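The values are calculated or read from the model by the stated rules, or taken from the named source; none is laboratory data. Quantities reported herein were computed from a predicted structural model and do not represent experimental measurements. Cβ: placed from backbone, ideal geometry, glycine included. Neighbour counts: every protein chain shown.
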């Protein structure tokens with residue numbers, strides 16, 4: 001291809017492999033949104049990881065468009081923008097009123113407001129000779145700053161001694177993606193592309209190490225274990241092609257069967273039916289989305 005003629009042959013190989021792996025990572029939340037579509041509700045899921053992923057893709061797409069010879073960055077981040085926009089649209093369609101308003105405010109402030117500010121700052125206020133460099137380091141800063149998500153998950157695994165919240169397959173592909181994009185950045189001599197993926201690789205390896213340590217452990221905090229698996233996967237999957245994002249899951253106040261029996265015994269003197277007690281418990285356990 002003519003657009004790849006000036007690329008190192010290994011850069012083309014790693015770039016194509018990076019595109020393929022990143023497509024799989026971008027499509028990982030599909031089961032979550034199939035569940036949202038079937039239930040016509042976003043339940044306790046949040047839009048934050050998908051909004052940050054879209055913001056990251058938009059920035060890297062802008063960077064790739066103004067940088068010469070970054071076709072493989074354009075393809076994957078354009079795909080990411082489309083996919084994340086679909087996810088956010090589905091979230092807005094099935095979210096509650098309050099959740100929809102919060103998601104819209106976040107979208108306007110970050111994906112419209114902040115991105116427009118960066119666009120104006122770099123395109124109109126900077127000279128063309130330094131525009132690419134400044135934008136590249138902005139992308140690096142944002143990518144590094146949002147690497148708190150893997151650290152949060154790793155701390156949760158250590159605390160609960162459970163890898164239920166950190167699927168090995170996803171950690172493996174995210175690590176593999178970091179390797180591909182680091183190699184791609186190295187061969188095209190772009191430090192802004194290579195640097196964030198060094199941290200991504202290190203965190204990915206640590207995640208897999210924790211998985212090996214705690215995969216047979218039985219000691220689990222029951223409240224965190226009861227959190228829907230899809231919700232926990234969405235926390236980890238927000239690692240995009242060249243960065244990551246942070247999301248704070250809504251931890252539901254889960255009551256076990258033993259707790260329900262104790263509550264029912266405590267409520268026996270009131271003479272109220274058990275059914276009413278269960279209803280009250282359910283109301284008290286509702287969490288804002």
Where in the range 1-111 are there helices (runs of 4 or more DSSP H), lying wholly inside it, with at least 3 residues that are within 25 Å of residue 138 (Cβ to Cβ)? 9-26, 48-66, 71-94, 97-106
Residues being in contact (Cβ under 8 Å) with a residue 60 or more places away in the chain, over 18 Å from residue 204 (Cβ atoms), surrounded by fewer than 18 Cβ atoms within 10 Å (Cβ to Cβ) and within 22 Å of the chain's Cα centre (by Cα) - total across the range 7-33: 1
Among the residues of the range 160-204, write down those that are assigned to a helix (DSSP H, G or I), out of contact with any helix residue (DSSP H, G or I) (no Cβ under 8 Å at 6 or more places or on another chain) and more than 18 Å from residue 26 (Cα to Cα). 202
Given 86, 118, 74, which one is farther than 20 Å from residue 182 by Cα, at pLDDT 90 or above and surrounded by 15 or more Cβ atoms within 10 Å (Cβ to Cβ)? 118
Would you be able to tell me the number of residues in the range 136-152 that are buried (at least 20 other Cβ atoms within 10 Å of the Cβ) and at pLDDT below 80? 3
Do we have residue 57 as touching a residue at least 12 places away in the same chain (Cβ under 8 Å), surrounded by 14 or more Cβ atoms within 10 Å (Cβ to Cβ), under 19 Å from residue 192 (Cβ atoms) and more than 15 Å from the chain's Cα centre (by Cα) here? no
